[in-house]
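Q: Below is the structure I would like to discuss, written out as structure tokens.
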Amino acid sequence: MALLFRLFFLFLQFGLFFAVCPIGTIRGVDPSNCYKFHGTPADFDSAHIQCVLDGGNLASIFSAFINDFISRTVLISLSESTMTWIGGKRNETGWAWTDGKPFSYNNWAKDPACTTCWGWTDGTEVTYTNWLSYDPNITGSSCVDMISSGSSHYGSKNVWENGYWSCTSQLPSICKQAPICNSG
């Protein structure tokens, strides 16, 4: 059984080593993710549809390191600070990532009773949050954007908000998708 486990682990590492990011995407800090920035402003739902058409979802974020990486990617892509759609959205049963995985964070600053209010659109579990000081705002928008580092918006860096923009606001977006197997 131990040999089978080692072979499986080796196969998994070998597969990730030879996986490449699709054209137009960049490899993330985690080699199992690639990111694509869309600079053309769109509403949240249209941005999510574009990510799905590209083979992914709006980005879900699981650590400060990934959060900073995405913020830097946005700044490099736009060469200026801006707000950008990421994959958190509130629905009738709570919040989720656009891939369908639930948020698991339950230390809400404004609404401590709301333990399942947010989720990533890609369905992955929420294990990291970086909300602006007064967010999440339960009366605000149902969609989450990131304020990139260096933005003059509230003087904040790399934080998320849901209270300022409507889901129909036109913002750039960042998508996350899996690498593809290199058949060569």
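Read-outs: derived from the displayed coordinates by stated rules, not from any lab. For clarity, every value in this text was computed on a predicted model and none was experimentally measured. For neighbour counting, all protein chains shown are included, and Cβ atoms are generated from backbone atoms with ideal geometry for every residue, glycine included.
Q: What is the sum of charges, Lys and Arg at +1 and Asp and Glu at -1, for the other residues whose Cβ falls under 11 Å from the Cβ of residue 166?
A: So the environment of residue 166 carries a net charge of -2.
Q: First select every other residue whose beta carbon is under 13 angstrom from the beta carbon of residue 65; then total the charges, Lys and Arg +1, Asp and Glu -1.
A: Combined, the nearby Lys, Arg, Asp and Glu give -1.
Q: Here's another thing I want to ask about it. Between beta-carbons, use under 12 Å as the cut-off and find the net charge around residue 23, counting Lys and Arg +1, Asp and Glu -1.
A: For residues surrounding residue 23, the net value is 0.
Q: Also, quick follow-up: So what J values fall out for the stretch 64-75 if you push phi through Karplus, 6.51 cos²θ - 1.76 cosθ + 1.60 with θ = phi - 60°, rounded to Hz, Gly and Pro as x?
A: Result, rounded to whole Hz: 4, 5, 5, 4, 5, 4, 5, 4, 5, 4, 4, 4.
Q: ³J(HN,Hα) across the stretch 168-174 via Karplus (A = 6.51, B = -1.76, C = 1.60, θ = phi - 60°), whole Hz, x for Gly/Pro?
A: Listing the rounded values in order: 8, 5, 8, 10, x, 8, 10 Hz.
Q: In what sequence do 144, 20 fall when counting other Cβ within 10 Å, fewest first?
A: 20, 144
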